[in-house]
2 protein chains.
Amino acid sequence: MKNISIDRRNFIIKSALTISSIGSFANQNAFAKEHSVALPSAMKASSGGKPTLAFVIFPGITPLDMIGPATVLAVGEWLNIEYVWRDLLPVRTELEHISFSPSITFEQLDKVDILCVPGTGNPYALLNELDMLDWIHKAGSKASWVTSVCTGSILLGAAGLLKGYKAATHWSMMDNLSKFGAIPVNKRVVIDRNRITGGGVTAGIDFGLTLLAEIKDEEHAQIAQLALQYNPKPPFNSGIPEFAGKEITNATRQAIFSNVEKKTPDYKEILIRSAKRISDIY
Amino acid sequence: MKNISIDRRNFIIKSALTISSIGSFANQNAFAKEHSVALPSAMKASSGGKPTLAFVIFPGITPLDMIGPATVLAVGEWLNIEYVWRDLLPVRTELEHISFSPSITFEQLDKVDILCVPGTGNPYALLNELDMLDWIHKAGSKASWVTSVCTGSILLGAAGLLKGYKAATHWSMMDNLSKFGAIPVNKRVVIDRNRITGGGVTAGIDFGLTLLAEIKDEEHAQIAQLALQYNPKPPFNSGIPEFAGKEITNATRQAIFSNVEKKTPDYKEILIRSAKRISDIY
């Protein structure tokens, strides 16, 4: 940013002005980074001239998995953001009293530029929602970017979209990813071709900023990071098992899986059946 | 955590088991840190034996300001978390298509142990919601903990609850806090007696973990941090103006205030009138 030209500076200020106001950019992706895949022209031609980013929402979704990246990616208002489910009835989230209302149905939404699947503490229960997996498969196969946060990557895997791709997920469920042919990577954000996957829950913010830099440019991502004051200072150093130590890690893992087992006692069988399904039908 | 005793270890595992399951703790605040204020016995006597944490929600709320700390504080399910507004109709948030439904009204909720006011990009519009400010004043005056995230501290100030208290807010609106007698502090989380305030938007996660350690104990906060994999790795170093540099900061500030001015052209007068009101009536 040191040798910024006058033109560039004016561009940034003009761009930032559309934060939280109505506006869109003429020069989509003008400064795409080298390792980005080329964006198909469809990226510029969706709803109202804006690319469409669709979050899949479902019962039991972890709200922060979606609200983190959605907040980051809404900065600038240059994307059309939709929340898609099979019908328009509110879905109950993992957080008591918090529901999300879908903005569009699977049937109504036929063109997705950026697909994002958030996660849940119990992804196994979702592996029986076959219409959702089929829609994710169809939309993801045509999307410019296929992304997820937390255990959303397990749903992407179950939709047959991670075969041979490196991907992240919540630390406690890393080994499940390989069942769907994905290559689990212990990183907060993983980019492999047009797949971008985030790690557990709060990784959605880092993921959102990374995705924004990929699909738009670094300046927009930096503006979003400043607007959301993302200069994290965790009060403890327990954000990953390697730092949290054995006791805290075991207690947390036990809590997560006792919840899964209570809600979906046959989760291991579901996982095996789901892994078989992708080689059969996708 | 190195010399943890067997009893302590069993306590942690037992505690963690209530994550995402029904349960509450007998030993509230057993390991409260030295600088905590003593928790009144009322803290243990609210709804269903659980202390009540109430988030005030309102039109234009920034979803992440609330979902960040709510997700952290819901881990363990030992709190009764409510979302309070004047009626039960859904409130539209700052994020298009995302609404929150209140779980209880101002009138219905008479006992709050922990009050939390989330923020918005345009707090000035809320300074005319006098019933909300009066309710915040009343509930906050009796609460064990009075807290906020982002510009929620401006609303706490306008409710007369920050006179003489150190407090944080979004970096772009720091100077407004002093109009309500607060002492703005440029930190991510500020603790002053029983007031805990967080900085801008994403600071709500650090705030939530800090609050959890204060009102419960450090082990619970560490478990929550690991469950939410909060080991942040921002892709850029632009989370505060000092790092973001002049161009990005000016562009972001201009965007924020052009939005405020568009929606609330008389925001400066509203601020002055609101500051006068707290010395007149509270």
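Some points to look at:
- B:A213 vs. criteria crowded, with 18+ Cβ neighbours inside 10 Å and touching a Leu at 6+ places or on another chain (Cβ under 6 Å): no
- Qualifying residue in segment B:128-142 (condition: aliphatic (A, V, I, L, M) and more than 24 Å from B:T264 (Cα to Cα)): yes
- Residues of segment A:215-228 classified as of a type in the set (A, V, I, L, M, F, W, C), at the interface with chain B (Cβ under 7 Å from one of its Cβ atoms) and part of a helix (DSSP H, G or I), total: 4
- Given (1) in contact with a helix residue (DSSP H, G or I) (Cβ under 6 Å, 6 or more places away or on another chain); (2) more than 7 Å from chain A (Cβ to nearest Cβ); (3) aromatic (F, W, Y), number of the condition B:F257 does not satisfy: (1)
- Failed item in (1) touching a Leu at 6+ places or on another chain (Cβ under 9 Å); (2) surrounded by fewer than 19 Cβ atoms within 10 Å (Cβ to Cβ); (3) β-branched (V, I, T), with A:T249 passing the rest: (2)
- When A:N176 is tested against (1) among the polar types (S, T, N, Q); (2) closer than 22 Å to A:A70 by Cβ; (3) more than 8 Å from every other protein chain (Cβ to nearest Cβ); (4) in contact with a helix residue (DSSP H, G or I) (Cβ under 8 Å, 6 or more places away or on another chain), exactly one condition is not met: (2).
- Verdict on B:G119 being touching a Gly at 6+ places or on another chain (Cβ under 7 Å) and touching a residue at least 40 places away in the same chain (Cβ under 8 Å): yes
- Counting only residues that are at the interface with chain B (Cβ under 7 Å from one of its Cβ atoms) and of a type outside the set (S, T, Y), segment A:83-97 holds 3 of them.
- Test: A:K233 is in contact with a strand residue (DSSP E or B) (Cβ under 8 Å, 6 or more places away or on another chain), surrounded by fewer than 19 Cβ atoms within 10 Å (Cβ to Cβ), at pLDDT 95 or above and under 30 Å from B:N122 (Cβ atoms): yes
- Filter pass, B:A125 being in contact (Cβ under 8 Å) with a residue 24 or more places away in the chain, surrounded by fewer than 22 Cβ atoms within 10 Å (Cβ to Cβ), among the hydrophobic types (A, V, I, L, M, F, W, C) and not in a loop (DSSP other than H, G, I, E, B): yes
- Candidate set: segment B:129-157, residues that are among the hydrophobic types (A, V, I, L, M, F, W, C) and more than 15 Å from the chain's Cα centre (by Cα); chosen: the one surrounded by the fewest Cβ atoms within 10 Å (Cβ to Cβ): B:L130
- Lone qualifier among A:A227, A:A182, A:A255, A:A275 - being within 23 Å of the chain's Cα centre (by Cα) and closer than 30 Å to B:G199 by Cβ: A:A227
- For B:E107, the requirement of being of a type in the set (D, E) and surrounded by fewer than 18 Cβ atoms within 10 Å (Cβ to Cβ) is met.
- So B:N231, is it more than 7 Å from every other protein chain (Cβ to nearest Cβ), over 20 Å from B:P118 (Cβ atoms) and part of a loop (DSSP other than H, G, I, E, B): no
- Residues in segment B:62-118 that are part of a loop (DSSP other than H, G, I, E, B), among the basic types (K, R) and over 19 Å from B:T147 (Cα atoms): B:R86 only.
One line per residue, one yes/no per condition, for (1) more than 9 Å from chain A (Cβ to nearest Cβ); (2) in contact with a strand residue (DSSP E or B) (Cβ under 7 Å, 6 or more places away or on another chain); (3) modelled with pLDDT under 95:
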residue: B:V189; (1), (2), (3): no, yes, no
residue: B:T197; (1), (2), (3): yes, yes, no
residue: B:V201; (1), (2), (3): no, no, no
residue: B:L209; (1), (2), (3): no, no, no
residue: B:A213; (1), (2), (3): no, no, no
residue: B:G239; (1), (2), (3): no, no, no
residue: B:G245; (1), (2), (3): no, no, no
residue: B:I281; (1), (2), (3): yes, no, yes
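The values are calculated or read from the model by the stated rules, or taken from the named source; none is laboratory data. Everything quoted here is computed from the prediction, not taken from an experiment. Ideal geometry is used to build each Cβ from the backbone, glycine not excepted, and the neighbour counts take in all protein chains shown.
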